[in-house]
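> One structure coming up, written as structure tokens, with questions to follow.
A short reminder: the numbers here are calculations on the coordinates, not readings from a lab. Here the structure is a predicted model, which is why all the values come from computation and not from measurement. With ideal geometry, Cβ positions are generated from the backbone for all residues, glycine too; neighbour counts draw on all protein chains shown.
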Number of protein chains: 2
Amino acid sequence: MTKFKQITGNIASPKGFTADATHAELKFQKLDLGMILSQVPAAVAGVFTTNKVAAAPVILDKEVVAGGVAQAIITNSAIANAVTGEVGMNNAKKTQRLLADKFGLAPGHVAVCSTGVIGRQLPMDKIALGISKLSAENGHAAGFAQAILTTDLVEKEVAYQVELGGQTVTVAGVCKGSGMIHPNMATMLAFITTDVNIAQPLLQETLSEIIETTFNQITVDGDTSTNDTVLVLANGMAENAELIAGSEDYLTFKSVLATVCQTMAKQIAADGEGATKLIEVTVTGAPDELTARMIAKHIVGSSLVKTAIFGADPNWGRVISAIGQVAPFEVPDIELTIQGDLVLLHSTAVDFDQAELSEKLKEKNVLIEADLNQGDKTGTAWGCDLTYKYVEINALYHS
Amino acid sequence: MTKFKQITGNIASPKGFTADATHAELKFQKLDLGMILSQVPAAVAGVFTTNKVAAAPVILDKEVVAGGVAQAIITNSAIANAVTGEVGMNNAKKTQRLLADKFGLAPGHVAVCSTGVIGRQLPMDKIALGISKLSAENGHAAGFAQAILTTDLVEKEVAYQVELGGQTVTVAGVCKGSGMIHPNMATMLAFITTDVNIAQPLLQETLSEIIETTFNQITVDGDTSTNDTVLVLANGMAENAELIAGSEDYLTFKSVLATVCQTMAKQIAADGEGATKLIEVTVTGAPDELTARMIAKHIVGSSLVKTAIFGADPNWGRVISAIGQVAPFEVPDIELTIQGDLVLLHSTAVDFDQAELSEKLKEKNVLIEADLNQGDKTGTAWGCDLTYKYVEINALYHS
């Protein structure tokens, strides 16, 4: 398989994409309105929150993705435009139209995303003024990653390049999200641009498959937001021969896209509210991948496991109990390692150096590996520890 | 329906039951071994953890319940006898035999329960010495509620009386559990004694039904222990005519048993790790009871709702988002009240006095009521707030 490499870049790195950001006075002084623009209409694929209380922009973007083509994404932070009724839906549509008018696009080719407080209406005068300041030039592409943050601590970006059929293809991603940073703010947004030439149905199929093992495998606090959105724009400007499902080039592209998604998923987990550590849980020896992923996600989402990791406590009892809670079969032969140290064999405790392992658990990255010995399928999930800061963030910053 | 009344009593209040407790040196100075004894063999019903990593005593007690008859329950705290392999199972059986020998019972009529650290073996010499000190006299019945605690803060007991067919029937309950008080301790144990005359199959059927709306509707941290056990002993010594399914007397008894279970469930939720408040969530207007209960339990289990209540924040966005996450249908017409104050109508925010409601949320009991307006079925769940103390308890007290 062709090698692909990480590059220093941003969401505007793929050919034909620009991005800009501005301060629309939704937040205090910070960038809060961002745009991604493609020179030409692009194939668009998307996946959205399963929350039945979907925000207005989510409903609108589902229509855009159904159309198969998009040329721009406009995103505001501070206000989620969720639980805002008909007024909220009209505001989302108005935002879409304002951006389309400004850059001469079809309104149906503009995706609209919001993240922030639930239940508040967008101040459309400020949105309009903000949009009027956005430029199609590559003025502030790096600013986009800032503009979509709520109170995430770090910007989250990644870019990769790969040769496909003699052409250089770039895939770039940007995302935000870390739980409920500010009350009522819970959205995960991820945007991916690429200049690859790929048909929209194949792009959607690929994204939907990749999501299952990347973004859907992270958890910060077990809550699914009303606004979660992942969008991919592929504008074909790399001029590679159109990717054919199953071909080597397609599989290479899929690996790159999966790597971009996984990198962003881990960035979000590591920046979870109040988090001090990224926790990775890998389950092997499962009869099927779905079960492996489900068990891995349950372990990494357990409050008891999360607090133990915060306390650097190699508390394997909590891990095996978490497995037992959700395993759809008996688990008499679990082999468990924490930070590489074996703590459980044949589902029975083994001697290990508690103090030494506790030291290893003070590292920023924690790895838990559970071999169920019930098959040969694997699954991985990512999360973070549960800390005093998480409680502070969510209890003391009032809505 | 006949009225029933709460009485001051304990697990030994029903006719023909005694209880005792002793210090078997499993814990430091505290009572740690307790026994409930019936003068005559009693009908026994039980429900157990769904955790696939079931502790040895759980496996043993399932056999006892399958036999339909029990005369005693022996319970230790400090050590869960879970993930202890064949040695652990032999220790559970030895405990059963020691108690049977001491009081002249059939070993198969003795239920054995443990709660405490996972992965450690019971010191059988201490257990044997402890059992030798237990008495069939009603020496320390009140001590039983202490002996089964791990680091729960309060003892949890309740007793009710009712007239059935001219006879006074007493139903008493005792329980423990509040999450992971001490690392690896997570067990919920609940024992109910009654002198009612009822056939075992009907007793089991009644218990299994009641569990769904009581113990299964509480959550402290979303984790299911390896040892959870609820046992009911009914020895018939009240000499009422045997209860017939569907009769008025049966329905009255069922109400009493449900009240006893619900009272204990709320006691456990209120004593959740680090909890400062009991949260009750009632969902009405659901198309079926299962959905109502599921949504109520999801709301009360949401970390974001739990932290908001800790912070006395009337954060309705988190409640409606929690509903949207698990509702199997659209929810355009939610009516939401918090502490009796209306905050949402037709799924749209209404004006309310934020400061006044925040004051009300400082009370020890918090009530959230959500009317989905999608039917006429209801469900209730209980939980507690998520606090700094929870994180401290679970992060800093090492395994």
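> In this model, which of A:Lys266/A:Lys362; B:Lys27/B:Lys133; B:Lys62/B:Lys277; A:Lys126/B:Lys360; A:Lys266/A:Lys377 are farther than 27 Å apart at the alpha-carbon?
Distance filter (> 27 Å) returns B:Lys62/B:Lys277; A:Lys126/B:Lys360.
> May I pose another question? What distance in nm separates the two pseudo spin-label positions at B:Glu239 and A:Asp101, each 7 Å out from Cα along the beta-carbon direction?
Between B:Glu239 and A:Asp101, the simple spin-label model gives 9.0 nm.
> Follow-up. Under a 5 Å amide H to amide H cut-off, with H placed in plane at 1.01 Å, what residues pair with B:Asp228 once short-range neighbours are removed?
Amide H neighbours of B:Asp228: B:Thr49, B:Met188.
> In chain A, what % of DSSP beta bridges are antiparallel (nearest 5)?
About 70 percent, rounded to the nearest 5.
> Something else about it: Find the Rg to Rh ratio for the range A:4-266, where Rh is the Kirkwood radius over alpha-carbon pairs and Rg uses the same atoms.
Using Cα coordinates only, the ratio equals 0.94.
> How fast does the range A:71-182 diffuse by Stokes-Einstein, in µm²/s, taking the Kirkwood radius from C-alpha pairs at 10 °C and 1.306 mPa s?
On the way: Rh = 15.6 Å.
Translational D for this selection: 102 µm²/s.
> Report, largest value first, the span of the C-alpha coordinates of the range A:131-170 along each principal axis, in whole Å.
Extents along the principal axes: 40, 28, 11 Å.
> To continue, here is another question. Would you mind giving the three semi-axes, in whole Å and largest first, of the ellipsoid equivalent to the range A:319-391 according to its Cα gyration tensor? Can you show the working numbers first?
Details: eigenvalues 104, 58, 26 Å².
So the three semi-axes of the range A:319-391 are 23, 17, 11 Å.
> Tell me the Rg and the Dmax, in Å, that the Cα atoms of the range B:266-331 produce.
Rg then Dmax for the range B:266-331, in Å: 12.3, 35.
> Could you tell me how many cubic angstrom of Cα convex hull volume the range A:1-49 has per residue?
173
> Something else: Going by how many other Cβ atoms sit within 10 Å of their own, how do B:Tyr390, A:Tyr160 line up, fewest first?
Values: B:Tyr390 28, A:Tyr160 22.
Placing the least packed residue first, the sequence is A:Tyr160, B:Tyr390.
> Using +1 at the Cβ of each Lys and Arg and -1 at the Cβ of each Asp and Glu in chain A, identify which of A:Ser77, A:Ala349, A:Gly9 lies farthest towards the dipole's positive end.
Working it through, the farthest residue towards the positive pole turns out to be A:Ser77.
> Further question on the same structure: For the range A:278-396, with the dipole built from +1 on Lys and Arg beta-carbon atoms and -1 on Asp and Glu ones, taken about the Cα centre, which of A:Val300, A:Ala286, A:Gly375 lies farthest toward the positive end?
A:Val300
> Can you give the FRET efficiency to the nearest 0.05 for A:Lys5 and B:Asp351, using r as the Cβ-Cβ distance and R₀ = 60 Å?
Values: r = 56 Å, r/R0 = 0.93.
Here the calculated transfer efficiency is 0.60.
> Shifting gears a bit: Picking from A:Gln29, A:Gln262, A:Gln204, which is most flexible by a Gaussian network model of chain A using Cα springs under 10 Å?
In this elastic network of chain A, the residue with the biggest mean-square fluctuation among A:Gln29, A:Gln262, A:Gln204 is A:Gln29.
> If we count other beta carbons within 10 Å of each Cβ, what is the order of A:Phe48, B:Phe191, A:Phe17, fewest first?
A:Phe48, A:Phe17, B:Phe191
> Another question about this same structure. State whether the range B:241-299 is rounded, prolate or oblate according to the following rule on the C-alpha gyration tensor (a ≥ b ≥ c being the square roots of its eigenvalues): a/c under 1.5 gives rounded; otherwise a/b larger than b/c gives prolate, and the remaining case gives oblate.
Oblate.
> For the range B:354-399, state which GluC sites (Glu not before Pro) are in a DSSP loop and have at most 14 other beta carbons lying within 10 Å of their beta carbon.
Within the range B:354-399, the qualifying GluC sites (Glu not before Pro) (loop, at most 14 other Cβ atoms within 10 Å) are B:Glu363.
> Compare A:Thr193, A:Thr84, A:Thr50 in a GNM of chain A, Cα atoms joined below 10 Å, and give the one with the largest fluctuation.
Comparing A:Thr193, A:Thr84, A:Thr50 in the GNM, the peak value goes to A:Thr50.
> Distances in nm, one decimal, shortest first, from A:Gln354 to the same residue in every other copy, taking the label point 7 angstrom along Cα→Cβ.
Shortest to longest, the spacings are 4.8 nm.
> Another one. Evaluate 2.2 N^0.38 Å with N set to the residue count of the range B:258-392, then give the Cα radius of gyration divided by it. Intermediate values should be presented prior to the final figure.
Details: Rg = 14.2 Å, N = 135, 2.2 N^0.38 = 14.2 Å.
This ratio for the range B:258-392 stands at 1.00.
> Sticking with this one: With +1 on each Lys and Arg Cβ and -1 on each Asp and Glu Cβ, and nothing else charged, work out how big the dipole of the protein assembly as shown is about its Cα centre, in Debye to the nearest 20.
Dipole of the protein assembly as shown, to the nearest 20 debye: 760 debye.
> Also, quick follow-up: From the label point of B:Pro287, set 7 Å along Cα to the beta carbon, how far off in nm is each other copy's matching point, shortest first?
Values, ascending and in nm: 3.1.
> As a footprinting exposure proxy, order B:Trp316, B:Trp382 by other Cβ within 10 Å, with the fewest listed first.
The order, fewest Cβ neighbours first, is B:Trp382, B:Trp316.
> Assign one of three labels to the protein assembly as shown, namely rounded, prolate or oblate, based on the Cα gyration tensor with a ≥ b ≥ c the square roots of its eigenvalues; rounded applies when a/c is under 1.5, prolate when it is not and a/b is larger than b/c, and oblate otherwise.
prolate
> For the range B:27-123, what number results from the quotient of the Cα radius of gyration and 2.2 N^0.38 Å?
1.03
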